[in-house]
Amino acid sequence: MKIITDSIVVETGGDNDARDLTPAIVEKLASSRLRDGTVTVFVPGSTAGLTTIEYESGVVEDFSRLLEKIAPSNIPYRHDQRWGDGNGYSHVRASLIGPSLVIPFSNGRPALGTWQQVVLVDFDNRPRTRTIMLQFMGE
């Protein structure tokens with residue numbers, strides 16, 4: 001068993017900006033020379049999340065609209081009252097989606113469905129530089 005830790009850096013625009021990480025993960029997996037195992041994908045911070053979704057503009061927009069209904073950006077949040085940064089909704093959204101995924105891989109390829117991509121969603125109310133951690137475990 002071998003463990004390799006790596007990262008991907010992504011510039012985001014905030015406000016539910018979604019970025020497809022799949023090509024970068026595939027590239028990092030190829031560089032690792034591992035054939036079978038799992039990769040843990042993790043985004044540090046409390047205003048972004050990771051999910052799998054079909055990375056297609058219609059679905060991405062639908063997902064963003066759904067999050068606006070579940071955790072609206074235009075209502076009062078206790079976080080905003082305390083810190084005054086106006087991003088309470090982004091913390092709530094990130095907690096719903098979660099910061100990590102574990103994806104199996106076999107024969108050097110992630111075991112994703114045909115229309116399934118690994119997507120970072122930045123919920124913050126401003127652009128950010130996000131470092132996504134990857135930890136490959138396998139052989």
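Observations on the model:
- Matching option when the condition is in contact with a strand residue (DSSP E or B) (Cβ under 7 Å, 6 or more places away or on another chain), among the aliphatic types (A, V, I, L, M), surrounded by fewer than 13 Cβ atoms within 10 Å (Cβ to Cβ) and modelled with pLDDT of 95 or more, among Val43, Val60, Val121, Val102: Val102
- The number of residues in region 58-107 being among the basic types (Lys, Arg) and under 18 Å from Gly13 (Cα atoms) comes to 2.
- Residues (in a strand (DSSP E or B) and among the acidic types (Asp, Glu)) located in region 107-133: Asp122
- Flag for Leu120 being touching a Leu at 6+ places or on another chain (Cβ under 9 Å) and either under 30 Å from Leu29 (Cα atoms) or among the charged types (D, E, K, R) (or both): yes
The values are calculated or read from the model by the stated rules, or taken from the named source; none is laboratory data. Fair warning: this is a prediction, and the values are worked out from it, not measured in the lab. When we count neighbours, we look across all protein chains shown, and the Cβ atoms used for this are built from the backbone with ideal geometry, even at glycine.
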